[in-house]
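The values are calculated or read from the model by the stated rules, or taken from the named source; none is laboratory data. Everything quoted here is computed from the prediction, not taken from an experiment. Backbone-built Cβ (ideal geometry, glycine too); neighbour counts: all protein chains shown. The area values use the complete protein model at the heavy-atom level, side chains included, leaving out ligands, DNA and RNA. Shrake-Rupley method; radii C 1.70, N 1.55, O 1.52, S 1.80 Å.
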Amino acid sequence: SPDGFSYYWYKLRKEEEIFSTRVQGGGSVMIWASFGWGGKSSICFVDDRMNSQGYREVLKKHLIDIGSCMGGSDWIFQQDNTPIHRPKANLAWFKSQKTNVLPWPSLSPDLNPIENLWGILARMVYAEGKQFRTKEQLKTAILKSWEKSTSNNSGLWSNRCRKEYLKLLS
């Protein structure tokens, strides 16, 4: 399974036995990235639990300077309704940056093209059952896979999302 654990039931009347296949010592990382028709942002590794202020800092460093390059002069930023995205301070910040934010329905990750790209990235990083002993090894694999995964997929995913929106609106 994706989390590295395998479950095995020995006998129905006995307590469940769990056999772990996870490599000891690894860990997980949180990342933020974006893409559009004209390109992509760099990957941002988030060290701590993200809050709304931290989210704004990530956007300042990794989005604003390249937004128009990724999406043209009248680009629109898409984000989901995660609680750290919705505070009034964040919405005011987008307005101050003259960044249009796409209104987004709650609980609809299937329409968000970055979710599809995260799936592609995860399959590339963990291809053939690959495991990592350190976070640094995992980060290196993520960076390499990000470069490969987005080289030809940006327009494809944005186009797919646009078609899904048109279906919803009709």
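What ranking do 51-57, 86-92 get when scored by the average of other Cβ atoms within 10 Å per residue, highest first?
Ranking the peptides 51-57, 86-92 by packing returns 51-57, 86-92.
Rank these residues by their accessible area, most exposed first, probe 1.4 Å: Ile76, Ile114, Ile66.
Accessible-area ranking of Ile76, Ile114, Ile66, largest first: Ile76, Ile66, Ile114.
Leaving out ligands, DNA and RNA, what percent of the accessible area of the stretch 91-133 is carbon and sulfur, probe 1.4 Å?
56 percent
Lys60 to Ile120: extension gain in nm, 0.36 nm per residue of separation minus the Cα-Cα distance?
19.0 nm
So what J values fall out for the stretch 82-91 if you push phi through Karplus, 6.51 cos²θ - 1.76 cosθ + 1.60 with θ = phi - 60°, rounded to Hz, Gly and Pro as x?
Values, residue by residue: 4, x, 6, 8, 8, x, 4, 4, 5, 5 Hz.
Search the structure for amide H atoms under 5 Å from the amide H of Asn100, placed 1.01 Å from N in the peptide plane, and list their residues when 5 or more places away or on another chain.
Excluding prolines and chain starts, which carry no amide H, the hits are Phe77.
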